[in-house]
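I have placed the structure first, in the form of structure tokens, so that the comments after it can refer back to it.
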Amino acid sequence: MSVSEELSKFIVDSSVPLEIKNTSRLYLLDWIGSCIAGADSDPSNIANKIVQSLGGHPKSTILSTGLKTSAPLAAFTNAATSHVVEMDDLDRTSISHPGAPVIATALAVAEEINANFDELIDSIAIGYEVCIRTGESLGTSHYENWHTTGTAGTMGAVATACRLYKLDTTQTINALGSAGTMASGLWQFLENGAMSKQLHPAKAAHDGILAAKLSNESFTGAQKIYEGKKGLLNSMSKNPDIENMTKNLNIIDSVPELWKINYVSFKVHASCRHTHAAVDAAIILSQKINLSEIENVEVQIYSQALDLLDGMEPISPWAAKFSLPFCVATGLIYSQCSMREFTNSTIMDEKTLSLSKKIEVKTNHQLDKMYPQAWPSKVIITMKNSDQISEQVNYPSGDPESDVTKLQIFEKFLGMTNFLIEGKGQLIIDKIFNENHSPQISEILELSITTSSKQLSA
């Protein structure tokens with residue numbers, strides 16, 4: 001049986017355990033928070049403008065405007081919007097942000113076909129599973145050039161769409177084939193801090209739905225898109241792990257702890273996840289030092305992170321989120337690295353920029369050995385009197401190992417959203433986590449539209 005055949009059987013037939021359904025609710029809430037927070041950003045506004053110009057049957061809601069368009073176009077702009085503030089979830093082993101493409105797809109399709117809440121939640125868990133397995137199988141060599149959220153995210157999105165559209169196994173195989181040939185997303189945007197990063201989950205969600213829709217009309221796709229000689233894994237990875245795609249797939253319905261969604265990290269800081277361990281270390285150290293006495297700062301990190309973060313100048317809020325010196329300086333000065341620190345004005349803050357110039361970033365090969373199972377960093381501060389103080393963080397805040405609680409996720413959500421949705425954050429939480437009543441998806445969407453968006457669409 002081919003990888004696509006086994007995956008398709010899982011997507012179509014899997015019975016998601018109750019524990020995983022409950023976990024999926026947390027990631028749904030977290031994604032909605034990121035989408036609300038990114039609603040009035042430049043990438044979101046531009047995406048909305050283009051989507052409106054393209055038209056589309058008004059089936060699915062664009063959260064940043066309250067307007068409706070086709071499911072693929074709604075998923076496109078919602079995915080982009082949810083990825084702007086860099087607070088969406090992150091899976092370490094696949095090196096991807098599964099929520100941005102998967103949940104954007106799930107909500108758009110579920111609203112389009114009037115699916116129930118349980119079907120929505122199941123499709124999220126299944127989309128995460130396929131996305132993460134794909135990213136893991138592509139491995140770290142893939143990540144050198146490809147943004148896994150765009151590539152593996154496309155496969156997670158199509159799995160989600162196929163499940164909701166109730167395609168059969170043959171249709172799902174074809175949809176996987178079409179999605180795989182569209183999967184893309186290159187890191188070149190980092191050179192000038194471009195908005196292309198938001199485009200990656202946007203296209204992933206859009207193309208996942210498109211592939212499922214095409215297959216539903218008998219459009220055929222590659223039958224061995226994963227393991228084929230010119231397929232996804234062999235074309236995009238130096239050392240693909242094909243067996244990983246289907247390992248234990250036939251038993252996970254009865255073993256909840258095997259589901260990949262269990263091990264996805266929540267984000268606490270509004271920057272690239274690769275910066276978070278160093279930011280955590282900086283925040284800890286900020287309580288122990290006098291900033292004026294700092295001579296220099298050395299940040300040690302694993303090689304693949306340095307390849308992405310080294311040399312990034314904070315020329316825009318999006319570029320600043322990838323500048324390790326800027327993020328560490330922010331953590332040292334403000335004891336936080338929140339959305340407030342990444343605006344057009346804050347990235348020009350002379351105090352932060354001055355400290356950034358004292359920060360040197362180096363590879364630590366001991367940290368390399370821990371990656372990608374852990375994303376560690378060590379910060380060493382040398383004071384003007386030659387004293388040194390250091391802190392190493394192996395598992396940043398929000399990792400499963402940090403024992404993040406449901407209450408902390410609720411607090412994060414409320415802090416990011418309440419001022420934008422007229423204090424309705426608790427209502428959203430209550431609806432998503434009501435054990436006695438499954439909400440209407442339309443109710444959650446309506447509550448999640450920002451105040452300014454409601455005025456725009458009125």
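The values are calculated or read from the model by the stated rules, or taken from the named source; none is laboratory data. Note that the structure is predicted; figures quoted are calculated from it, not measured. Note that each Cβ is placed from the backbone with ideal geometry, even for glycine, and that neighbours are counted across all protein chains shown.
Quick notes on this one:
- Taken over the range 70-111, the residue count meeting the criterion of being of a type in the set (D, E, K, R) and closer than 17 Å to Leu199 by Cβ is 2.
- In the range 236-262, the residue that is farthest from Arg92 (Cα to Cα) out of those that are acidic (Asp, Glu) and in contact (Cβ under 8 Å) with a residue 40 or more places away in the chain is Asp253.
Listed here are the residues, each with its yes/no results for (1) touching a residue at least 60 places away in the same chain (Cβ under 8 Å); (2) surrounded by fewer than 24 Cβ atoms within 10 Å (Cβ to Cβ); (3) touching a Leu at 6+ places or on another chain (Cβ under 8 Å).
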{"residue": "Gly139", "(1), (2), (3)": "yes, yes, no"}
{"residue": "Thr151", "(1), (2), (3)": "yes, no, yes"}
{"residue": "Thr154", "(1), (2), (3)": "no, no, no"}
{"residue": "Thr160", "(1), (2), (3)": "no, no, no"}
{"residue": "Tyr165", "(1), (2), (3)": "no, yes, no"}
{"residue": "Leu176", "(1), (2), (3)": "yes, no, yes"}
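- Pairs meeting the criteria (first residue in the range 391-411 and over 18 Å from Lys260 (Cα atoms), second residue modelled with pLDDT under 95 and of a type in the set (Asp, Glu), beta carbons under 9 Å, at least 6 apart or on different chains) are Asn394/Glu401.
- For Ile261, the conditions (1) under 18 Å from the mean Cα position of the chain (by Cα); (2) β-branched (Val, Ile, Thr); (3) closer than 30 Å to Asn45 by Cα all hold with the exception of (3).
- Looking across Ala194, Ala204, Ala108, one residue alone is within 19 Å of Asp88 (Cβ to Cβ), touching a strand residue (DSSP E or B) at 6+ places or on another chain (Cβ under 8 Å) and hydrophobic (A, V, I, L, M, F, W, C). It is Ala108.
- Subset tally (residues that are surrounded by fewer than 13 Cβ atoms within 10 Å (Cβ to Cβ) and either closer than 30 Å to Ala374 by Cβ or not charged (D, E, K, R) (or both)) for the range 427-439: 3
- Looking across the range 256-314 at every residue that is basic (Lys, Arg) and assigned to a loop (DSSP other than H, G, I, E, B), the one that is nearest to Trp187 (Cα to Cα) is identified as Lys267.
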